[in-house]
Each structure stands twice: as C-alpha cells, then as structure tokens.
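Scroll down for the structure; my scribbles are underneath it.
Each reported figure results from applying straightforward, stated rules to the coordinates on display, with no laboratory input. Just so you know, these numbers come straight off a predicted model, no measurement behind them. No Cβ is skipped: glycine too gets one built from the backbone with ideal geometry, and neighbour counts run over all protein chains shown.
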Amino acid sequence: MITLDYHPRTRVLFGPGAHETLGTQARELGFRRTLLVSDPGIREAGYVDTAIRLLMDAGVAVAAFHDFHENPDTVMTEVGRQFAASQDIDSIIALGGGSSMDCGKAINFLLTNGGTMRDYWGYGKASKPMLPMIAVPTTAGTGSEGQSYALISDAETHVKMACGDPKVAFKLALLDPVLCATAPQSVIATAGYDAISHAVETWVTTKRNAISLAFSREAWKLLNRSFEKVLADPYDHDAMGGMLLGAHMAGTAIENSMLGATHACANPLTASYGTTHGVAIALLLHHVVRFNTSAVDGAYESLAPDLAPRLQELATAAGLPLRLKSIDVPEEDLARLSEAAALQWTGKFNPRPFDAAAAREIYECAW
C-alpha cells in the first residue's frame with residue numbers, strides 16, 4: 001500500500017484579473033515590506049511596475065530584485081539573499097515563471113535559515129520559520145506555485161538541486177491567464193510542453209497515489225485540449241486559463257507524486273549544452289512513454305489511446321525539435337549524459353527501473 005501525506009498549503013485565486021488583487025491580498029496576509037522577485041524579462045514587460053503600484057496603493061513597501069536569469073543557481077540566490085538582508089523585509093512575492101518562483105523560495109531558505117542551498121538539498125531540512133510568500137505566475141508551465149520545492153543549479157557542478165520544505169510553500173497563488181498572454185511564443189511553447197510532461201510523468205510514478213492521480217488526470221485533460229489553441233491564439237483567455245490551471249494542477253501532482261525518467265534525462269542536457277528545459281523535455285517525453293509502456297499496465301491508455309504519437313503531435317505543433325542530433329548533441333556524448341542522468345533524483349520514481357543503461361536506451365532512441 002502506498003501511503004500519502006496530503007496537506008494543501010496554498011490558497012489559489014484563479015481567473016482573468018486575479019493579479020489585480022495582489023495589493024489587497026498582500027495586505028490581508030500582513031505584508032508590510034516585501035521583496036518582489038522577478039527576472040529582467042518580466043520587468044521589461046512592465047509587470048513589475050504594475051505590481052509595485054498595486055502593492056504601494058495598498059500600503060505595502062516594495063524592494064525589487066531582478067539579478068538572476070533562467071535556471072537560477074547558487075551564486076544568483078546568494079546575491080538575492082544579500083540584497084534581501086539589507087531591506088528588512090517581512091515577506092516575499094515571486095512574479096514570473098518557474099525561475100522567479102524558484103529564486104524567491106531559495107532566497108527565503110537562505111535568509112531565514114542561513115547556510116547555503118546545498119544544505120537544503122532534499123526535503124525538510126529548514127529548522128526555522130520562513131517568510132510568507134505569494135506567487136504570481138506569468139507562464140503556464142512549471143506549476144512551481146503549487147510545490148514546496150526550489151530547483152536551484154549548483155554553480156560549480158551545474159547539478160540541479162531539489163530543495164524542499166513544507167514551510168517554503170506559497171501562502172497564496174494568483175493565477176491570471178491575462179498575464180500569460182504576452183509571453184513570447186517560444187516560452188508559451190516550451191513552458192506549456194513542460195506542464196504536459198508533468199501531467200504525464202506524475203500519472204505513472206512509483207509514488208503516485210489517489211490524490212496525485214486526480215490532479216494528473218485533470219491536468220492532462222486541460223492541457224491536452226488547450227495547448228494547440230494557445231499556440232494559435234495566446235489571447236484566448238479560456239484556453240490560456242486551461243493551460244494555467246492545468247499547469248498548476250500538474251505542479252500539485254508533482255508535490256504528491258514526483259517525476260520520472262524524462263526529467264532525469266532532460267537535466268543533463270540543460271547542464272551540458274544550455275538546452276532550454278521545455279525543449280529537452282519535448283525531445284525525450286514520447287520516447288520515455290514508449291520505454292515505460294511495458295511497466296505501467298495500460299495506464300497511458302487512460303490518458304490517450306496512443307499517447308506517444310499524441311505527444312509527438314503536440315511537440316510538432318509547438319515547433320519543438322524531436323531529435324537530439326537536431327540540436328547538435330554529439331552521439332559520442334550519450335554515454336556521459338547517461339551516467340549523469342542515472343544520478344538524477346527523479347529517475348528513482350520512474351515506473352520502469354532506471355539506471356545508466358536505461359538512460360542510454362532513451363537517449364539513443366531520441367538521437
């Protein structure tokens with residue numbers, strides 16, 4: 001029997017205009033001086049100015065931090081901690097995609113509990129209380145607002161560390177499809193496909209349970225019927241809302257289930273070549289589904305009669321590559337990548353046993 005510990009920690013407000021309540025919601029949570037964490041692209045899009053106005057109108061002082069990039073690492077998060085320590089903050093707001101949310105969580109770990117991010121690799125290693133946080137996603141992708149983990153790259157080794165603790169979960173998530181419509185087409189494509197992979201992988205992990213399966217199933221339904229629509233028209237708020245809510249549900253499924261071989265094989269591609277995460281996922285997901293099929297007792301068919309071809313179809317619709325050689329990954333690198341993939345934490349939860357030989361099989365199919 002698989003046991004579970006289901007404790008929803010994040011209130012969710014969903015719908016067009018939800019982000020406009022940021023100031024009043026922050027004030028109700030007792031925020032007085034908050035750290036606004038958002039990447040440079042979000043600032044350039046004007047969303048930071050809007051958030052600052054909403055917060056200041058509600059009487060909340062704001063210190064804004066933007067000095068980080070995609071896949072935040074240990075150096076960037078330490079810079080954020082130093083900045084936050086100088087600002088006498090009582091709360092944190094993460095505005096943006098998964099990178100902003102991961103960075104905000106990491107700063108919270110370091111500011112309240114000290115040490116380095118390596119000290120929190122794993123789960124439940126923060127011994128002191130942490131600051132309350134609000135998430136305002138601007139992409140329909142990672143579902144990080146529904147998870148108590150921060151994914152931070154080690155600046156020296158480039159290994160992605162999953163650092164989790166129940167105290168770092170967001171108090172509130174404002175899910176507003178209006179904010180996601182202006183994202184670049186490439187971001188809509190890669191973030192959306194990442195969300196799809198979360199629904200598919202959480203559906204079959206060895207840690208899956210009744211709670212995670214409910215979220216995985218509904219996430220897949222929303223994402224599968226909405227993805228092609230938002231690719232055609234990102235201002236279709238119904239479709240973008242389906243993507244955003246689906247991504248959140250898939251993120252909640254991760255919190256209760258975990259991921260598998262697709263993410264284990266994707267991370268070394270990002271670490272070695274800087275491959276965008278969603279691109280790496282698209283290269284691998286349909287191959288992992290075929291690799292796992294013999295071990296999941298028909299579970300994939302509950303999502304789609306021919307799931308692997310459907311995943312290929314969605315990746316093609318998004319203009320994402322389907323072969324490793326098309327992104328210039330040398331065939332002679334597959335052995336090294338396989339060894340790195342075998343060390344990834346998510347591989348432990350794959351329904352079919354996963355090791356370096358399994359990773360090599362997947363990479364060769366994808367090459």
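Summary table
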| read-out | value |
| --- | --- |
| Percent antiparallel among DSSP beta bridges (both partners in the chain, rounded to 5) | 20 percent |
| Neighbour net charge for Val329 - beta-carbon separation under 12 angstrom, K R +1, D E -1 | -2 |
| Whole-Å distance, taken between Cα centres, linking the range 283-303 and the range 47-89 | 41 Å |
| Listed peptides 187-195, 352-360 by packing density, highest first (mean Cβ within 10 Å) | 187-195, 352-360 |
| With Cα atoms, 0 to 90° folded angle of helix 261-273 axis to the chain main axis | 70 degrees |
| Protection proxy ranking, peptides 53-61, 139-147, 293-301, average beta carbon neighbours within 10 Å, highest first | 139-147, 53-61, 293-301 |
| Reciprocal mean inverse distance between Cα atoms of the range 11-179 - Kirkwood radius, Å | 15.5 Å |
| Dipole moment magnitude, nearest 20 debye, the chain about Cα centre, only Lys, Arg, Asp, Glu C-beta charged | 860 debye |
| Least to most buried among Ser148, Ser100 (fewest other Cβ within 10 Å first) | Ser148, Ser100 |
| Mean Cβ neighbour count within 10 Å, used as a protection proxy, ranking 33-43, 176-186 highest first | 33-43, 176-186 |
| Rounded to 10°, Cα long-axis angle of helix 307-317 versus longest principal axis of the chain | 60 degrees |
| The range 11-179, relative contact order in percent, only Cα pairs under 8 angstrom and at least six apart counted | 27 percent |
